[in-house]
Ligand code: SF4
């Protein structure tokens with residue numbers, strides 16, 4: 001990535017000021033891989049972005065090649081949206097990783113475009129919702145405000161449970177972000193069947 005990375009503790013992400021002069025479609029995301037039509041990363045057919053870079057280094061992570069923020073490749077938001085618009089079977093987009101919340105400015109732009117297409121948005125994060133809120137970062141808050149479902153928390157090998165819907169360990173929460181915004185407290189999907197989360 002040519003743009004500068006902002007170091008905040010363990011965090012690294014493109015500083016939004018560096019994107020100010022770019023058209024939204026020319027903004028780049030550092031990517032590990034893309035699954036254009038997944039049925040396992042949220043309800044319905046979903047376009048899944050596995051972003052590059054993760055500071056959490058969870059023991060037992062299935063995707064350690066996504067950890068190094070300098071590995072992977074760049075892709076523009078314009079290229080991503082062209083692929084998404086090509087497929088009228090898609091119900092939504094899922095941000096996975098890697099750690100999506102290490103690339104907030106670019107993913108916020110993408111989230112705006114995805115929602116403008118009427119698609120649902122799901123995201124994974126190794127951070128908890130509370131940790132993200134404690135950043136007190138307006139862009140992180142805006143991105144959280146566009147997400148319909150958040151799976152939060154690091155993967156913990158000793159809490160591994162393969163029967164859980166869309167997540168790998170018991171500590172990870174399947175958060176109904178729409179309801180959470182309405183009530184002001186963390187609202188979970190309690191069922192491990194698709195029906196409950198089928199709202200998005
Ligand atoms: S947060 Fe996800 S990608 Fe990052 S180390 Fe943990 S399991 Fe792997």
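The values are calculated or read from the model by the stated rules, or taken from the named source; none is laboratory data. Being a predicted model, the structure only gives us computed values, none of them experimental. A quick note on method: Cβ atoms are made from the backbone with ideal geometry, for glycine too, and the neighbour counts reach across all protein chains shown.
So here's what we get for this one:
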read-out	value
Hits in the range 97-112 (condition: within 16 Å of the ligand (Cβ to nearest atom) and either out of contact with any helix residue (DSSP H, G or I) (no Cβ under 9 Å at 6 or more places or on another chain) or over 23 Å from residue 44 (Cβ atoms) (or both))	99, 101, 102, 103, 104
Hits in the range 148-175 - residues which are under 16 Å from the mean Cα position of the chain (by Cα), in a strand (DSSP E or B) and either free of Cβ contacts under 8 Å to residues at least 60 places away in the same chain or near the ligand (Cβ under 10 Å from one of its atoms) (or both)	150, 151, 152, 173, 174, 175
Within the range 53-82, tally of residues that are closer than 13 Å to residue 125 by Cα and away from the ligand (no atom under 13 Å from the Cβ)	0
Residue, modelled with the lowest pLDDT, within the range 2-21, restricted to residues that are assigned to a loop (DSSP other than H, G, I, E, B) and more than 19 Å from the chain's Cα centre (by Cα)	2
Residue 50 vs. criteria over 20 Å from residue 181 (Cα atoms) and within 14 Å of the ligand (Cβ to nearest atom)	yes
Residues (closer than 23 Å to residue 39 by Cβ and more than 16 Å from the ligand (Cβ to nearest atom)) located in the range 114-124	114, 115, 117, 118, 119, 120, 121
Hits in the range 137-147 (condition: part of a helix (DSSP H, G or I) and free of Cβ contacts under 8 Å to residues at least 60 places away in the same chain)	138, 140, 141, 142, 143, 144, 145, 146
